[in-house]
Amino acid sequence: MSKDWKENFNDFKCKVCNFPLILYEVQAKKDTTIFKAKCPAHGFGTIKIPTGVVSNFIPQITDQIFRCFTCGGSATLDQMVDKDVWKIIKVKCPIHGISKKYKYNYHVFSEVWAFKQKGISATKPIEKKIPIKEPPKEKKKTEREEIQFCRECGVKLKPDYLFCNKCGVKIIKVPIKKDAPKEQNFCGECGYPTDHKYKFCIRCGTKL
């Protein structure tokens with residue numbers, strides 16, 4: 001056996017056609033774990049891997065345990081039973097139905113099953129999902145309503161008023177500057193926008 005255990009990775013494929021083998025039995029001994037495998041086209045074989053490094057092959061093993069015994073295609077778990085130190089399972093192929101019994105060492109299968117439950121497959125590389133931060137939604141800019149005051153009585157008026165609802169005087173519209181600050185001051189006499197620094201209204205001269 002090669003001293004470099006990574007070379008055994010290729011042993012999970014048929015030496016003739018390079019097809020992924022069906023691993024239908026796994027025996028775990030003290031120093032060596034034995035995999036009984038089958039290629040649908042070229043028959044049966046045995047793979048031996050040092051027991052201490054089996055965990056490194058769990059993704060590949062998981063993918064090749066759940067395969068149809070007849071065609072080697074992907075299959076789903078149909079039955080699972082514990083028997084002594086073994087885990088006995090049957091898988092179901094969409095074409096060939098339920099397989100023969102597959103027999104696995106309990107400890108090896110426990111690792112396989114935990115890996116499978118995480119939804120990880122050797123045939124589908126793990127992709128690290130990076131959360132995408134969506135840019136903050138811009139609030140819709142709404143134009144400020146034109147605030148008007150009656151030039152006679154100083155009451156606050158709505159934008160659509162044509163006459164004062166208190167004294168009845170006709171309203172003179174005074175447009176507000178677009179760059180005007182939010183806290184806008186207005187003359188109490190004529191309603192004209194004023195600066196807080198002003199002492200007198202620049203339109204009607206009323207003391208502020």
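Values for this structure:
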read-out: Amide proton proximity set for THR32, modelled H, under 5 Å, gap of 5+; value: THR51
read-out: Long-range HN-HN contacts of PHE66 with modeled amide H, under 5 Å; value: none
read-out: Anisotropy class of region 5-117 from Cα gyration tensor, a/c 1.5 cut; value: oblate
read-out: In order through region 89-106: 3J(HN,Hα) via Karplus (6.51 cos²θ - 1.76 cosθ + 1.60), integer Hz, x for Gly, Pro; value: 10, 10, 10, 10, 9, x, 9, 9, x, 7, 7, 6, 6, 9, 10, 10, 4, 4
read-out: Links that overshoot a 19 Å alpha carbon limit, given the list LYS90/LYS116; LYS29/LYS101; LYS38/LYS92; LYS29/LYS118; value: LYS29/LYS101; LYS29/LYS118
read-out: Under-5 Å amide H pairs with CYS187, H placed in peptide plane, nonlocal only; value: TYR192, THR194
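Values in this text are rule-based calculations from the coordinates and carry no lab data. Being a predicted model, the structure only gives us computed values, none of them experimental.
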